[in-house]
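Structure first, then comments.
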């Protein structure tokens with residue numbers, strides 16, 4: 001697939017080369033660019049279902065360095081089968097604080113947003129009530 005977009009006279013770069021390139025990128029800037037691109041290619045319509053969920057990235061921990069695994073919260077547009085955005089959960093936090101950060105950067109007005117029981121917190125209710133979307137929580 002890479003050959004379709006680039007002339008590569010020496011062949012496709014190795015996994016290690018891609019890893020070095022991505023390691024040098026600013027994660028926040030990459031996320032902004034990614035979100036901009038995703039929003040330009042996705043067609044979000046009124047009533048689209050957006051599933052919010054958190055996942056721990058497999059193999060992202062390092063026991064020798066006491067590095068905890070990375071946990072991400074993602075917004076999945078079910079109709080488009082597309083991740084609209086992700087935010088990393090802070091090490092000393094949880095999904096409860098990451099979900100509002102994610103919803104603030106997405107343009108999903110009028111959509112039906114589903115969130116698991118982690119989003120069902122009394123402290124979060126004022127935030128969700130102020131959003132221009134319908135939120136559905138499962139407990």
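The values are calculated or read from the model by the stated rules, or taken from the named source; none is laboratory data. Here the structure is a predicted model, which is why all the values come from computation and not from measurement. Every residue, glycine as well, gets a Cβ built from its backbone with ideal geometry; the counts of neighbours run over all protein chains shown.
Any idea which residue in segment 83-96 is modelled with the lowest pLDDT, counting only those that are over 14 Å from the mean Cα position of the chain (by Cα) and part of a loop (DSSP other than H, G, I, E, B)?
So the first thing to find is which residues in segment 83-96 are over 14 Å from the mean Cα position of the chain (by Cα), and the list is 91-94, 96.
After this cut, where a residue has to be part of a loop (DSSP other than H, G, I, E, B) as well, the list is 91-94.
On the way: 91: 77, 92: 72, 93: 78, 94: 80.
Among residues in segment 83-96 that are over 14 Å from the mean Cα position of the chain (by Cα) and part of a loop (DSSP other than H, G, I, E, B), the one modelled with the lowest pLDDT is 92.
Residue-wise test of (1) at pLDDT below 90; (2) in a helix (DSSP H, G or I); (3) within 21 Å of residue 97 (Cα to Cα); (4) within 15 Å of the chain's Cα centre (by Cα).
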position: 28; (1), (2), (3), (4): yes, yes, yes, yes
position: 36; (1), (2), (3), (4): yes, yes, no, yes
position: 51; (1), (2), (3), (4): no, no, yes, yes
position: 60; (1), (2), (3), (4): yes, no, yes, no
Segment 106-120: number of residues that are within 26 Å of residue 68 (Cβ to Cβ) and surrounded by fewer than 16 Cβ atoms within 10 Å (Cβ to Cβ): 3
Index of the failed condition, residue 21 passing every other in (1) in a helix (DSSP H, G or I); (2) touching a helix residue (DSSP H, G or I) at 6+ places or on another chain (Cβ under 6 Å): (2)
Number of the condition not met by residue 42 [criteria: (1) under 16 Å from the mean Cα position of the chain (by Cα); (2) at pLDDT 80 or above; (3) surrounded by 14 or more Cβ atoms within 10 Å (Cβ to Cβ)]: (2)
Filter result for residue 80 (touching a residue at least 12 places away in the same chain (Cβ under 8 Å) and in a loop (DSSP other than H, G, I, E, B)): yes
Search result, residues across segment 97-135 that are closer than 21 Å to residue 35 by Cα, free of Cβ contacts under 8 Å to residues at least 40 places away in the same chain and in a helix (DSSP H, G or I): 97, 100, 101, 104
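Right, residue 8: at pLDDT below 85 and loosely packed, with under 15 Cβ neighbours inside 10 Å or not?
Numbers: at pLDDT below 85: yes; loosely packed, with under 15 Cβ neighbours inside 10 Å: yes.
Here the answer is yes, as residue 8 does meet what is asked.
Looking at segment 124-137, can you tell me whether even one residue there is within 12 Å of the chain's Cα centre (by Cα), surrounded by 12 or more Cβ atoms within 10 Å (Cβ to Cβ) and on the phi < 0 side of the Ramachandran plot?
Of all residues in segment 124-137, those within 12 Å of the chain's Cα centre (by Cα) come to none.
The answer is no; no qualifying residue exists.
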